[in-house]
Amino acid sequence: MPSLSYIAALNQALRDEMARDERVCIFGEDVCLGLTGITKGLAEAHGTGRVVDTPLSEQAFTSLATGAAIAGQRPVVEFQIPSLLYLVFEQIANQAHKFSLMTGGQASVPVTYLVPGSGSRSGMAGQHSDHPYSLLAHVGVKTAVPATPSDAYGLLLSAIREPDPVAVFAPTLLMGTSEEIDGDLDAVPLGSARTHREGTDVTVVAVGHLVPVALQVAADLADEASVEVIDPRTVYPVDWETLGKSISRTGRLVVIDDSNRMCGFGAEIAATAAEEFGLAVPPKRVSRPDGAVIPYALNLDHALLPDALELTEAIRAVLRR
Amino acid sequence: MRLIREFEEHCLEMAVTGTIVGGIHPYIGQEAVAVGVSAHLRKDDVITSTHRGHGHVLAKGADPKRALAELYGASTGLNRGRGGSMHAADVGLGIYGANGIVGAGAPIAVGAAWAARRQGRDQQVAVAYFGDGALSQGVVLEAFNLAALWSLPVLFVCENNGYAISLPVDRGLAGDPVRRAAGFGLTAAAVDGMDVEAVAEAAGRAVAACRAGRGPHFLECATYRFRGHHTVEHLMGINYRDEAEVASWTARDPLARQRARLAPAVADEVDAEIAALIAEAVAFAGSSPGSDPRDALDYLYAGMVPTRPGA
Ligand SMILES: Cc1ncc(C[n+]2csc(CCOP(=O)(O)OP(=O)(O)O)c2C)c(N)n1
Ligand SMILES: [Mg+2]
């Protein structure tokens, strides 16, 4: 079985879509070189007319992509740092995302925002360690956080093909991972969760790099409890059907996600489960603390991130009740 | 120009009666800019506009009936009542919308120009309208740089009406707009924005050069808004411009200037035609239905997402 790395999967998705669809083009900093690895070789294959190194003008090139998209292109915009999304929140949340409704359906904005290296970069400190996918979900921008190379391929493919803006976050901690692939890679629909492990006692909803963590914990707890692990794959839209079925069945929920606690993705899952899915006991969240700023020193960095130990404790806590 | 003027006069009334909600940013006084520039634009050329956008949208060819219906919030409006004054758009006519955020349209126009060149439509140009206030927005300066760097067919039209709300331009802007634009590598010029023929001549040169592949251009149009920044100013009794200054500019009304160049019979004919168009628009907008509140989130996405209600 061939092995596929996470970065190679994203690269392959871009390669395939660029070959399939002439309208796909790439904007970003150092994308011709392929600094993040994701766009490597694409400029050589498709020319610097389609893979465009931009100056350090995130706000302009994000809206440039909007204009190009309305004019018929399918731009992919790569950001070097997740927190650059704060710089372009206006251009994404207030411009691209709103065009369709504001024009009464005249314009659609098929842009993909690619955010590699999201979450802690272990030692990169405050301004390079955020994982702001909940913000985009809150605004209503379709947002994927793929947990495996094959999902990374499939979700990026769907993102590019979607007629609306879509953000794809590639967590730092997954970018070095690989997966054995049997069979063909395929598109993964936005809004379709993946049940990684079936179980009957508790549902664990895990996002991004915390999916493998949740799977490890579930395996470690196998003698104690039967843990179902679900990856929503897109944090907006959410596959409520799959989540609802599982949570209604187990009656117990733990959400682990790498957002700040206040108004984070986990809060939404817990609230909806409490309102609609007939929880037997109160749910638990494992997240970053409220308003977390990731400190530099590694022990401090790690202290604020959700991890296996916290998840194990949360699972045990909901099972005890 | 007469169409824009009469359209705006009607809107001012309707903003008072409440038929138009949210008020408007009247374009009255600045008509020569939109009309002079649009004289050289074709249907497939793209424009991005501003909060003060009615003139740009009408001059680019939007149907006054549907433009007015939009302001009335009607389902027959340009944006089906979802955009209103600050987002009026007709994408099929290359009107990528008025915009509620100062300077936001500039990079979008650069993107449209980039796409046009990429798609081999190298006769197409994109025009970005913005005010003097937008020259202090970083994203506009970023857009200048990208357009110049990639030699894109963009005409940046700066309508310098002397104020960003209450802030006079000499207290908001260091240096000179034309020299600033030239510093980015744009071919830049200034023109009397109160004279439609002067604007048309300058814009004609710039648009032709853009079409010929000679890179982005910048045109500063010295103009003045005869009314308040927004209709709410009048209601609030705000005033920050002295009467003599206002009078000196209204004396240079671009409509009066152009009328003097026409045979009186021709001018009268234009006026009559416009009066009929406005009457037709008013009747159309007034008799147009609104939308069902249950459809308030229609068009949120081009692809589907089942949105959950708030309660
Ligand atoms: C980025 C941004 N800042 C502030 C505002 C609020 N605002 C709306 S119009 C305006 C003044 C704009 O002045 P100018 O660009 O000269 O255009 P004008 O109103 O004179 O046509 C301001 C401050 C805004 N809409 N967007
Ligand atoms: Mg101004």
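Read-outs throughout are calculated quantities, based only on the coordinates presented, and are distinct from any laboratory measurement. Fair warning: this is a prediction, and the values are worked out from it, not measured in the lab. Because the Cβ atoms are built from the backbone with ideal geometry, glycine has one as well, and the counts that use them run over all protein chains shown.
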Residue of B:Leu141, B:Leu149, B:Leu41 that the Gaussian network model of chain B assigns the largest fluctuation, springs spanning Cα pairs under 10 Å:
B:Leu149
Set Lys and Arg Cβ to +1 and Asp and Glu Cβ to -1, take the dipole of the stretch A:3-180 about its Cα centre, and tell me which of A:Val88, A:Leu14, A:Met102 lies farthest positive.
A:Met102
Computed ³J(HN,Hα) along the stretch A:245-257: with the Karplus parameters 6.51/-1.76/1.60, θ = phi - 60°, integer Hz and x for glycine or proline, the list is 4, 5, 5, 4, 6, 7, x, 9, 9, 10, 10, 10, 8
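Let me check against my output: what whole-number percent is the relative contact order of the stretch B:1-80, with C-alpha pairs under 8 Å and at least 6 apart?
Values: 81 pairs, mean separation 21.7, N = 80.
Result for the stretch B:1-80 is 27 percent.
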Partner shielding of A:91-103, as the mean number of partner chain Cβ atoms within 10 Å, equals 6
Going by amide H atoms built from the backbone, whose H comes under 5 Å of the H on A:Thr143, apart from near neighbours?
A:Ala167, A:Val235, A:Tyr236
Positive-end extreme of charge dipole, the protein assembly as shown - chosen from A:Phe27, B:Ala128, B:Ala244 (charges on Cβ)
B:Ala244
Of the stretch A:136-177, those with amide N under 20 Å from the point 7 Å along the Cα→Cβ vector of A:Leu298 are A:172-177
Are there any trypsin sites (Lys or Arg not before Pro) in the stretch B:232-306 that are in a DSSP loop and have at most 14 other Cβ atoms within 10 Å? List them by number.
B:Arg261
Could you work out the local net charge near A:Ile160, counting Lys and Arg as +1, Asp and Glu as -1, over the other residues with Cβ closer than 9 Å to its Cβ?
-1
Cα-only radius of gyration and Dmax that characterise chain B, units Å:
19.3, 63
Each label point is 7 Å from the Cα along the Cα-to-Cβ direction; what then is the distance between the points at A:Ser3 and B:Val266, in nm?
8.0 nm
Return the sequence-ordered ³J(HN,Hα) values of the stretch B:259-269 in whole Hz as given by the Karplus equation 6.51 cos²θ - 1.76 cosθ + 1.60 applied to θ = phi - 60°, using x for Gly and Pro.
4, 5, 8, 9, 5, x, 5, 5, 4, 4, 5
In whole Å, what is the distance between the alpha-carbon centres of the stretch B:183-222 and the stretch B:62-86?
30 Å
Long-range amide H partners of A:Gly117, meaning residues 5 or more apart or on another chain whose placed amide H is closer than 5 Å, are A:Ala170, A:Thr172
P(r), alpha carbons of the stretch A:3-180 - 5 Å bins starting at zero, rounded %
2, 9, 19, 23, 23, 15, 7, 2, 0, 0
Distance-filtered residues of the stretch B:69-111 - backbone nitrogen under 20 Å, label point 7 angstrom along B:Asp292 Cα→Cβ:
B:73-77, B:79-83
Can you work out ³J(HN,Hα) from phi for every residue in the stretch B:119-129, in order, using Karplus 6.51 cos²θ - 1.76 cosθ + 1.60 and θ = phi - 60°, giving whole Hz and x for Gly and Pro?
8, x, 8, 7, 8, 7, 10, 10, 10, 10, 8
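When only C-alpha pairs under 8 Å and at least 6 residues apart count, what is the relative contact order of chain A, in percent? It would help to have the intermediate numbers written out before the result.
Working: 737 pairs, mean separation 51.2, N = 321.
This gives 16 percent for chain A.
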So what is the relative contact order for chain B, in percent, with contacts set as C-alpha pairs under 8 Å and at least six apart?
22 percent
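Based on the alpha-carbon set only, what is the convex hull volume of the protein assembly as shown divided per residue, in Å³? Can you show the working numbers first?
Working: hull volume 102.0 nm³, N = 632.
Hull volume over Cα atoms, normalised by residue count, gives 161 Å³.
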Using modelled backbone amide H atoms (1.01 Å from N, in-plane), which distant-in-sequence or interchain residues come within less than 5 Å of B:Arg241's amide H?
none
Neighbouring partner chain Cβ atoms per residue of B:89-101, average, 10 Å criterion
4
Obtain the nm distance between the two label points defined at B:Met236 and B:Arg205 by a simple spin-label model: each point lies 7 Å from its Cα along the Cα-to-C-beta direction.
4.0 nm
Return the average number of partner chain Cβ atoms within 10 angstrom of each residue Cβ along peptide A:52-62.
6
Using the per-residue mean of other Cβ atoms lying within 10 Å as a proxy for protection, in what order, highest first, do the peptides A:66-72, A:217-223 fall?
A:66-72, A:217-223
What share of the DSSP beta bridges in chain A is antiparallel, in percent to the nearest 5?
20 percent
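Given a cut-off of 32 Å, name the pairs among A:Lys40/A:Lys142; A:Lys142/A:Lys245; A:Lys40/B:Lys60; A:Lys142/A:Lys284 whose C-alpha atoms lie farther apart than that in the structure shown.
Working: A:Lys40/A:Lys142 25 Å; A:Lys142/A:Lys245 23 Å; A:Lys40/B:Lys60 42 Å; A:Lys142/A:Lys284 25 Å.
In this structure, A:Lys40/B:Lys60 exceed 32 Å between Cα atoms.
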Where nothing but the Cβ of Lys and Arg (+1) and of Asp and Glu (-1) is charged, how large is the charge dipole of the stretch A:194-320 around its Cα centre, in debye to the nearest 20?
140 debye
